[in-house]
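Notes follow the structure.
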Amino acid sequence: MHLIYDEYQRRINESKSILIGDHVWIGQNASILKGSYIGSGAIIGLGSIVAKKIQSNSINVGNPIKRIRENVFWDRQSSHFFTEEDTRQHEFYETDSSQYIFKATDNLEKWWENITAKPTFTNQSEIMGFIKK
């Protein structure tokens, strides 16, 4: 990133953290801009531009990004080589889905608070101390 200053020599493009939760699916050529926050279990569509907070377990697409579906989850099984019979067999999810639903607590809020409270580190031991919190 290049530093940008105004006519009074004040920096006008400050850095901001990006926070991405667990089990997030980010589509090809999606861009995630500074200050973004993507909740666990979220799906970001192909070529989308993320520049805000994205809710957990939601599908989000476009530029500007829009939430098009809530309360969804996904697993890593690929359907690229599914036959018609495979497709029929996977019409409903038969396994326990609780590992993919991130509603109980929004752990990203805690991380976001910690990161914004201490956005810079001066040495390796400060980084390790932060991670161990």
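Side notes on the structure shown:
- Top-ranked residue in region 1-24 [being outside any loop (DSSP other than H, G, I, E, B) and surrounded by 13 or more Cβ atoms within 10 Å (Cβ to Cβ); ranked as farthest from the chain's Cα centre (by Cα)]: L19
- On inspection, I20 passes the criterion of being among the β-branched types (V, I, T), without any contact (Cβ under 8 Å) to a residue 60 or more places away in the chain, under 23 Å from E109 (Cα atoms) and out of contact with any Leu (no Cβ under 8 Å at 6 or more places or on another chain).
- For region 83-133, a tally of residues being part of a helix (DSSP H, G or I), within 27 Å of A42 (Cβ to Cβ) and modelled with pLDDT of 80 or more returns 6.
- Flag if E70 is modelled with pLDDT of 90 or more, more than 30 Å from T120 (Cα to Cα) and either touching a Ser or Thr at 6+ places or on another chain (Cβ under 9 Å) or buried (at least 16 other Cβ atoms within 10 Å of the Cβ) (or both): yes
- Within region 25-48, being aliphatic (A, V, I, L, M) and either in contact (Cβ under 8 Å) with a residue 60 or more places away in the chain or buried (at least 17 other Cβ atoms within 10 Å of the Cβ) (or both) holds for I26, A30, I32, I38, A42, I43, I44.
- Residue within region 50-57 that is outside any loop (DSSP other than H, G, I, E, B) and in contact with a Gly (Cβ under 8 Å, 6 or more places away or on another chain) present: yes
- Enumeration of residues in region 58-82 that are more than 16 Å from S36 (Cβ to Cβ), outside any strand (DSSP E or B) and not aliphatic (A, V, I, L, M): N71, F73, W74, D75, R76, Q77, S78, S79, H80, F81, F82
The values are calculated or read from the model by the stated rules, or taken from the named source; none is laboratory data. What you see is a predicted model; the values in this text were computed from it and never measured. Cβ sites come from the backbone with ideal geometry, for glycine too, and all protein chains shown count toward neighbours.
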